[in-house]
1. Output the residue which, of all residues in the range 345-389 that are closer than 16 Å to Ile321 by Cβ and of a type in the set (D, E, K, R), is nearest to the ligand (Cβ to nearest atom).
2. Failed condition for Asp381, given (1) within 26 Å of Gly432 (Cα to Cα); (2) in contact (Cβ under 8 Å) with a residue 12 or more places away in the chain, with all others met?
3. Take the residues of the range 390-406 that are closer than 18 Å to Val287 by Cβ and assigned to a helix (DSSP H, G or I): which is nearest to the ligand (Cβ to nearest atom)?
4. How many of the residues in the range 417-451 are hydrophobic (A, V, I, L, M, F, W, C) and more than 16 Å from the ligand (Cβ to nearest atom)?
5. Do we find a residue being modelled with pLDDT of 95 or more, surrounded by fewer than 18 Cβ atoms within 10 Å (Cβ to Cβ) and touching a helix residue (DSSP H, G or I) at 6+ places or on another chain (Cβ under 8 Å) anywhere in the range 249-272?
6. Residue check: is Asp339 touching a residue at least 60 places away in the same chain (Cβ under 8 Å) and within 16 Å of the ligand (Cβ to nearest atom)?
7. Which of the numbered conditions does Asn330 fail, given that it passes all the others? Conditions: (1) without any contact (Cβ under 8 Å) to a residue 60 or more places away in the chain; (2) more than 16 Å from the ligand (Cβ to nearest atom).
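The values are calculated or read from the model by the stated rules, or taken from the named source; none is laboratory data. No experiment lies behind these values; they were computed from the predicted model shown. Virtual Cβ from ideal backbone geometry, glycine too; neighbours counted across all protein chains shown.
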Amino acid sequence: MSHSSSRKRKRPVKTMYLLLMSFVVLMGVRIAWNTISSAAGPIPLTSAPSGASQTGQSDSVHPDDRLKFRIVIDAGHGGKDPGATGVSGAYEKEFNLSLAERIHKRLEQDPMFEVRMTRSDDRFIELEDRAAIANAWNADAFVSIHGNTFHDPAVTGTEILYAGKSSLPLAQALQEQVAAALGIRDRGVKQGDYVVLSAAHMPAVIVETGYLTHPEEESMLLSDEGQERAAQAIYEGVKAYLSEQTPGGHALGASHRQSGNKIHFNGSSKEGKRVALTFDDGPDKIVTPQILDILKDNDIQATFFMLGNRVQANPDMAKRIAEEGHAIGNHSWAHPKFDDISMEDALKEIEDTQQLLEDTIGYRPNLFRPPYGALQQDKLDRIAQMNLAVVNWTVDTMDWSGVSTEEIMKLVREQIYPGGIVLQHSAGGKNGLENTVEALKQMISELRAEGYTFVTVSELLHLPKPGDS
Ligand SMILES: [Zn+2]
């Protein structure tokens, strides 16, 4: 960010700004209660999304009726506004866009997030309009990317700027990651009246990545390696912060947030390098025993989300899973898409499986994973009342699709994170899951070499293990 740019605006634009803000607030409220278009790219500010003009009775969607966190990444400046000029003559706007794109790529590949950019090319956007894009989409976090500038070329370091108090935890989560990853001075978090932030209705921060006016810092920030490190750190900071939140949660009252009606994607990243391996759709007689043997050889306890109809067909395998100390979850009876079935059918799918599992392994699980990870809010609310924690995943190996072992490992390396939950399958799939078994061996040794330990979902999320009582 450069001093010449209007980070803080004064009097003349104040009235315009207030008018725009009232418009933005009205739009935000209106949109929040209607289906939000899932089309990529920024929502045009001049037109309401489809459905907004209807009665809203049939398709009204609660603001939190979604499974993924929405992040808006804002590449600062652009177009006629180049931002700062670095020592080398490079423009800040180009650095901002390049770094923003790398962050975007990471978030996009992570099943926990949906992500949008305020700009993906060299164009000028007003500060208020950047925030308005995030507001209209009801985003969970807004992260604006900048490079810093100062007349003294000796000044260095990262700082995270925020406006409202509710943005402080996000600022702190990023501050913990970014300076350390870049190996430069940590200038801390700073509160101020920044237009782009105070116009945003969700936690919002500016990342002043480093000083483009410091020669060494500039060349590091402009390098591929420096930007990759910064992108990874910002991605991890956003993820660490949101791990403790509920998608759409900032728009909800505190009481709703505390009611426990949430979908778990991962555990806390603050508890060291712990991950949970999970296996869906079993048990069967072919793949499941191979997985169990590998886990046993490595002394690892994992979590199996089982289907009622497969437990019925392979009760001994379900018993073996329980006996070997793995956590067990309910994955429905016959793997329907819960979006497509009635509430009554959904509850029956779950209850029949709970009953059979109790008869087979001796207890009723307290974990549930919806088939395809898909669940509407009304069903989530009902399931949460059934003493079931709803658990999805952060690392999708795509193993069911028949991809190669190498492809599975690539996805793991890209998505793994302390506190993460890895999804694989123990039955079904294309090619009989032959690569799942091989990938599991590699995954265990590779992640161990990186210092990861393996825990069950119950341990990761600090849930009681029902079999123990
Ligand atoms: Zn499944």
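1. Only one residue fits best here, namely Arg369.
2. (1)
3. Trp400
4. 7
5. Looking through the range 249-272, none of the residues is modelled with pLDDT of 95 or more, surrounded by fewer than 18 Cβ atoms within 10 Å (Cβ to Cβ) and touching a helix residue (DSSP H, G or I) at 6+ places or on another chain (Cβ under 8 Å).
6. no
7. Of (1) without any contact (Cβ under 8 Å) to a residue 60 or more places away in the chain; (2) more than 16 Å from the ligand (Cβ to nearest atom), only one is false for Asn330: (2).
For (1) surrounded by fewer than 18 Cβ atoms within 10 Å (Cβ to Cβ); (2) modelled with pLDDT under 95, each residue gets a yes or a no:
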position	(1), (2)
Thr353	no, no
Leu357	no, no
Pro365	no, no
Pro371	no, yes
Leu388	no, yes
Val412	no, yes
Ser445	yes, no
Ala449	yes, no
Thr453	yes, no
